[in-house]
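The values are calculated or read from the model by the stated rules, or taken from the named source; none is laboratory data. As the structure is a computational prediction, the values presented were derived from the model and not from experiment. Every residue, glycine as well, gets a Cβ built from its backbone with ideal geometry; the counts of neighbours run over all protein chains shown.
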Amino acid sequence: MALEQRPVGKLDRALIFLGPPGSGKGTQAKVVAAKYSVPHLSTGDMLRDHIAKSTPLGLKAKPLMERGELVPDSLVLKMVAERIERPDCSHGFVFDGFPRTVTQAQYLGELLRRQGFEQPFVIHMVIGTALLIRRITGRRTCKVSGEIYNVYDRPPKVEGICDNDGGELIQRPDDREEVIGPRLNAYHKQTAPLVSYYRRLGLLHEIDASKSVEEVEQGIEQAVASMRGAR
Ligand code: AP5
């Protein structure tokens, strides 16, 4: 039976995608969220939306994101807390790019407890730096739907145009080569400590993110099934 036809049951918790920039968090988080019919919550997308609308948060976040630095915890936490209180999150949700610091993870744990959720599942996307650079510099995103392509590994049928809706494919400002170093540094300094944080809690499942999109998807499906079976 094709993967997408299998009945998957309920998620009823937070699923967290943890991994460096370009590891495939967004690509896979969208698939799992659709499979479980729960929201895909990308803090990067939420912040880019604030920037596009020039909100006070967007104005603060813009220069930081353009330099490849993290947005301060206090701003991100408020944005996330407001989002997961909405009714569409009552059966769980998939985080992509959150939490990104130990402070964010601790706060999330508290929020989830307060809202009656069990402990989250955490998928750690493991991949080497050389592949990340190829993936980040090759990424193009549909301006309309956010669909993710890659000029090297996942090209659209027509260059610069989304296969699904004909939208223009654009390169993110922080995907320029000079910003990749600072983004990777921020990951190693501020986000990588979450690997041992969640491992100690017994919530971490490692996935080889260097494989093909389909193989990674299969690995994640098995990981989520085994974590759900073990709870
Ligand atoms: P965010 O938008 O979260 O970016 P990121 O973490 O840097 O991750 P990316 O979106 O670059 O990569 P991805 O892992 O999602 O990979 P993708 O699936 O696109 O954050 C941006 C900024 O916002 C941060 O720098 C920070 O400033 C701020 N921010 C966000 N959240 C924050 C937080 N919680 N706290 C503070 N600040 C925050 O794939 C990449 C490419 O590879 C694509 O082209 C794709 O087609 C291709 N690809 C994917 N999988 C495969 C595969 N298996 N094989 C071949 N190609 C593949």
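Within the stretch 166-190, residues that are within 19 Å of A130 (Cα to Cα) have Cβ atoms under 7 Å from residues that are exposed (fewer than 13 other Cβ atoms within 10 Å of the Cβ) and not charged (D, E, K, R) in these pairs: L184/T129, counting only partners at least 6 apart in sequence or on another chain. Taking the conditions (1) touching a residue at least 24 places away in the same chain (Cβ under 8 Å); (2) more than 23 Å from K10 (Cα to Cα); (3) among the charged types (D, E, K, R) in turn, E206 satisfies each one other than (2). A single entry from P63, P56 fulfils the requirement of being away from the ligand (no atom under 14 Å from the Cβ), more than 18 Å from the chain's Cα centre (by Cα) and modelled with pLDDT of 95 or more: P56. Every condition in (1) farther than 30 Å from I84 by Cβ; (2) away from the ligand (no atom under 14 Å from the Cβ); (3) touching a residue at least 60 places away in the same chain (Cβ under 8 Å) is met by K157 except one, and the failing one is (3). Somewhere in the stretch 66-75, is a residue in contact with a Ser or Thr (Cβ under 9 Å, 6 or more places away or on another chain) and closer than 18 Å to V179 by Cβ? The answer is yes, given that some residue of the stretch 66-75 is in contact with a Ser or Thr (Cβ under 9 Å, 6 or more places away or on another chain) and closer than 18 Å to V179 by Cβ. Here is a check on your reading of the model: is E178 of a type in the set (D, E, K, R), part of a helix (DSSP H, G or I) and surrounded by fewer than 16 Cβ atoms within 10 Å (Cβ to Cβ)? Yes; evaluated as a whole, the condition is true for this residue. F95 meets all of the listed conditions (1) under 17 Å from R183 (Cβ atoms); (2) within 11 Å of the ligand (Cβ to nearest atom); (3) in contact (Cβ under 8 Å) with a residue 40 or more places away in the chain but one, namely (1).
The residue list K25, K35 contains one member that is closer than 23 Å to V144 by Cβ and touching a Ser or Thr at 6+ places or on another chain (Cβ under 9 Å), which is K25.
For first residues located in the stretch 46-75 and within 14 Å of D174 (Cβ to Cβ) and part of a loop (DSSP other than H, G, I, E, B), partners that are among the small types (G, A, S) and more than 10 Å from the ligand (Cβ to nearest atom) and lie 6+ apart or on another chain with Cβ distances below 8 Å form the pairs G68/G181.
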